[in-house]
Each structure stands twice: as C-alpha cells, then as structure tokens.
Ligand SMILES: Cc1cc2nc3c(=O)[nH]c(=O)nc-3n(C[C@H](O)[C@H](O)[C@H](O)COP(=O)(O)OP(=O)(O)OC[C@H]3O[C@@H](n4cnc5c(N)ncnc54)[C@H](O)[C@@H]3O)c2cc1C
C-alpha cells in the first residue's frame, strides 16, 4: 500500500507562506510574533468579521461614528509569572493601558464588596486604549502591517493539493493558497459548525483525511470534544442626560458572586462612558441564562450575520426584556426608579464565549507533517479561556512555525 503523502517531504523554495484563519487576539499575536522573529514569507489573514478583534472586538457603527462598545471581553488580565512577550510592546505603542476603573463585587443581598470575584479579574488588568479592538490593531501594527488581511471573508472549505493548502469560500471558490495553514478558532475543526450552520462536514476533518497524519487526527479528535459556554449580552446605549448617574457610580465593572448570579442571571456589568457624553452599559448573562436562550442569536450577532438570518424579533425582544428587568433590579439601590425602556438596546449572543478545560494540549498545537497549526484560547496552559491564553498561544506557535519553516528550506 502506498504510504500517505507528507506535505513536509515537499521542500519549500523559500521561507514559505502562511494562511492564518481568524483575526482575533491569537491570530493577530501569531502574525506579530512571526514578524518580530524575522519570518520573511508571506502571511495572509482571513477573517469573517468586519475587522480584527474576534471575541475581544469593539462594536463601531458607520452611522454613529462616536459610539464604541466593547461587547465581548472588556479587559485582559495577566496571571502568569512572566508576562506575554507582546504585552510590553503593546503598552509602549499606546495600544493598551492598565485598567484604571473601579471594580466591585455584588453579593446576593445587593451589598457591594470592593474587589474581583472570578478568574477574569485576577492578576494585572489592562484594556484596549480607545476600545478593546485596539489590542488586535496594535498586534497587527507590531507586525509592521506585514500581512495581507482579508476581512468579511468566511473560509468555508479547506483542501490540500500539490503541497499547498487551499482556502475556499462558500461556493468552493478559491480564496487563497499557502504552504502552512493555521486555525486560530475551532470553527473549521469542530462538529458545532454542523449544528450551527447546518454544514454537512467538518472542513478540516475532511481535508485531513487523505493526509494520514496521526498527530493531526489526534488533535482533531481532542478539538471535537471541546465544549464551550455561551453568553447572552445586553447592550444599552444611554443618551447624555440618562448617562449622568451611571457615570457617577462607585464602580465601572461589577462582578456578581455566585448568589448574585443565581438571583439575577447576570455575571458582570461594564459601564463604558462615551466621549460625547453618552454611556454604554453591557450586561453579561450567566452561562445558565445563555444556555436557556441558546437559539436566540440576536440580530447583530456574528452567527446571524454569517448565516444571513432574518431577525426573530419576538423571541429576541423577550430575551432583551428579561435582561433589561434584571439590570434595572440590580441597579435599583444606586439608580432607584431606573427605566431602560427608552434606551437603545441590543442583544449580542456569543455561542462559544469561553471554551471549557482541559482544551487542546500544547503538544498538539503544531502538526508539522501536514503543516497545520492551531492557536487560540482553547490551547491548554496559562490563561486558558482568556485573552492571556490567546496571546500566549499565538506567541508559542510563532516560535514553532518559524523554526519549522527554517528546517523546510
Ligand atoms: C462576553 C465575553 C466576555 C469575555 N470576557 C473576558 C475577560 O474579561 N477577560 C479575558 O481575558 N477574556 C474574556 N473573554 C474571552 C476572550 O474574549 C477570548 O479568550 C479571546 O478573545 C479569544 O481570542 P482567540 O483569538 O482565541 O479567538 P477569537 O477571538 O474567537 O478569534 C477567532 C477569530 O476567527 C474568526 N473565524 C473563525 N472561523 C473563521 C473562518 N472559517 N473564516 C474566517 N474567520 C473565521 C472569528 O470570526 C474570530 O474573529 C470574554 C469573551 C466573551 C465572549
């Protein structure tokens, strides 16, 4: 029987090219670190969203230039003994800043305790300066804009041929080719894509089958078993008059302890004053609330956009109303008689907000035989499930790719 083909056995004529799918923190960190390590090959970056950021993005509107809402991660926290390599350059470049806001913890009986409640508040806290998406924009700037970025582009199919990875769109049209393929999200490797999008296959599983790379198959089996928690977030925009009392609150980030989470179905509230006097408030639901409303995407969610789903206003309104009532009740001690009815409100559902441990072991994040790499917060290690883990995984994969690319020439 003929032995399965090995991409690695085909030498590269130069430093090689890399296609990175996903412009979240891990994909952008990978690009930045590759360039800092002197990788000279071409790098293409493929992102279905309108810009970089992923789950650490900032909602901006073409029709409302002043408004920006951090609707996913509001901050990043560094807990490891040594900081990620890219942290200091991001600080020096003015892309991120230490978090200065007041943080409090809400208890079940409506009392406040100063300090942080969970793993998202431990260690050294930072935020994007001018919006969380500036973290990813900063990473790409550290790369010297040394990648060819394609936004608004969903990679739907993958296959390899003649020693190259081919990236294909929804209609199997060729988007790009590269020697190395990096997935910075589990979407193309996880069966959830079949459930969410109705796809009949798991793209990387299909593409990997002829390669006979046991390490890649192992990685795919582990990824297929990774489960995630969802979040349903309520986004509220208050006009300058209504915003005043919110700006005067003794906290700008409120964590809920276990009893408070159970009582209100909320996990955190972030208060984000806008430069024009308005204020955005984002209420993050608990995982239990999100699990109960998993099929309500929110018209503005990434999935709704990708699937071009029609708005399900009836159900969406119900979820928005439930989260609004919870927010009004929580804030009653500080903002009595609060009525959010007149405020502009939206639902943002994150179907896979946080991966659940243990994730993909780091030994499986790089499969040189088939020239495939994985990075993202789903890689096991320090910062798992958080921006810190995404950053570290991109940095680590860059080191491995750089070394392997050198060996291939
Ligand atoms: C509501 C919420 C609150 C959070 N709070 C915190 C917090 O306080 N602190 C913290 O550290 N972390 C927090 N997190 C987690 C943090 O956002 C993530 O750990 C981090 O952003 C993950 O980065 P990533 O690069 O691994 O993945 P992602 O950000 O998911 O990036 C992957 C990117 O790939 C793109 N993509 C995937 N498949 C394709 C495809 N086939 N074609 C094209 N593009 C594709 C996606 O659109 C996405 O932009 C929060 C997350 C959520 C949702």
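The values are calculated or read from the model by the stated rules, or taken from the named source; none is laboratory data. Owing to the predicted nature of the structure, the values given are computational and were not obtained by experimental measurement. Cβ atoms come from the backbone with ideal geometry, glycine included; neighbour counts cover every protein chain shown.
Does residue 55 meet the test of being modelled with pLDDT of 95 or more, farther than 30 Å from residue 181 by Cβ and crowded, with 20+ Cβ neighbours inside 10 Å? It is false that residue 55 is modelled with pLDDT of 95 or more, farther than 30 Å from residue 181 by Cβ and crowded, with 20+ Cβ neighbours inside 10 Å. Only a single criterion out of (1) buried (at least 19 other Cβ atoms within 10 Å of the Cβ); (2) out of contact with any strand residue (DSSP E or B) (no Cβ under 7 Å at 6 or more places or on another chain); (3) not in a loop (DSSP other than H, G, I, E, B) is not satisfied by residue 399, namely (1).
Of everything in region 200-217 that is in contact (Cβ under 8 Å) with a residue 24 or more places away in the chain and either part of a strand (DSSP E or B) or buried (at least 17 other Cβ atoms within 10 Å of the Cβ) (or both), the residue that is nearest to the ligand (Cβ to nearest atom) is 203. Of the strands (runs of 3 or more DSSP E) entirely within region 79-125, those holding at least 3 residues that are without any contact (Cβ under 8 Å) to a residue 60 or more places away in the chain and touching a strand residue (DSSP E or B) at 6+ places or on another chain (Cβ under 8 Å) occupy 96-98.
Within region 372-403, the set of residues being more than 9 Å from the ligand (Cβ to nearest atom) and touching a residue at least 60 places away in the same chain (Cβ under 8 Å) comprises 372, 373, 374, 382, 392, 395, 397, 398, 399, 401, 402. Only one of the numbered conditions (1) closer than 30 Å to residue 280 by Cβ; (2) free of Cβ contacts under 8 Å to residues at least 40 places away in the same chain is not met by residue 220, and that is (1).
Scanning region 60-103 for residues that are modelled with pLDDT under 95 and either more than 25 Å from residue 123 (Cβ to Cβ) or touching a helix residue (DSSP H, G or I) at 6+ places or on another chain (Cβ under 7 Å) (or both) turns up 60, 61, 62, 63, 64, 65, 66, 103. The residues of region 264-299 that are closer than 17 Å to residue 315 by Cα and assigned to a strand (DSSP E or B) amount to a single one, 285.
If I filter region 136-143 for residues that are assigned to a loop (DSSP other than H, G, I, E, B), modelled with pLDDT of 95 or more and assigned by TED's automatic domain parsing to the domain that holds residue 34, do I get at least one hit? Steps first, please.
Keep residues of region 136-143 that are assigned to a loop (DSSP other than H, G, I, E, B), which gives 143.
Pick out the ones that are also modelled with pLDDT of 95 or more and you get 143.
Going one step further and asking which of them are assigned by TED's automatic domain parsing to the domain that holds residue 34, we end up with 143.
So far as region 136-143 goes, yes, one or more of its residues are assigned to a loop (DSSP other than H, G, I, E, B), modelled with pLDDT of 95 or more and assigned by TED's automatic domain parsing to the domain that holds residue 34.
So residue 180 ticks every box in (1) in contact with a strand residue (DSSP E or B) (Cβ under 6 Å, 6 or more places away or on another chain); (2) near the ligand (Cβ under 10 Å from one of its atoms); (3) within 29 Å of residue 17 (Cα to Cα) but one. Which box is left unticked? Status for residue 180: all satisfied but (2).
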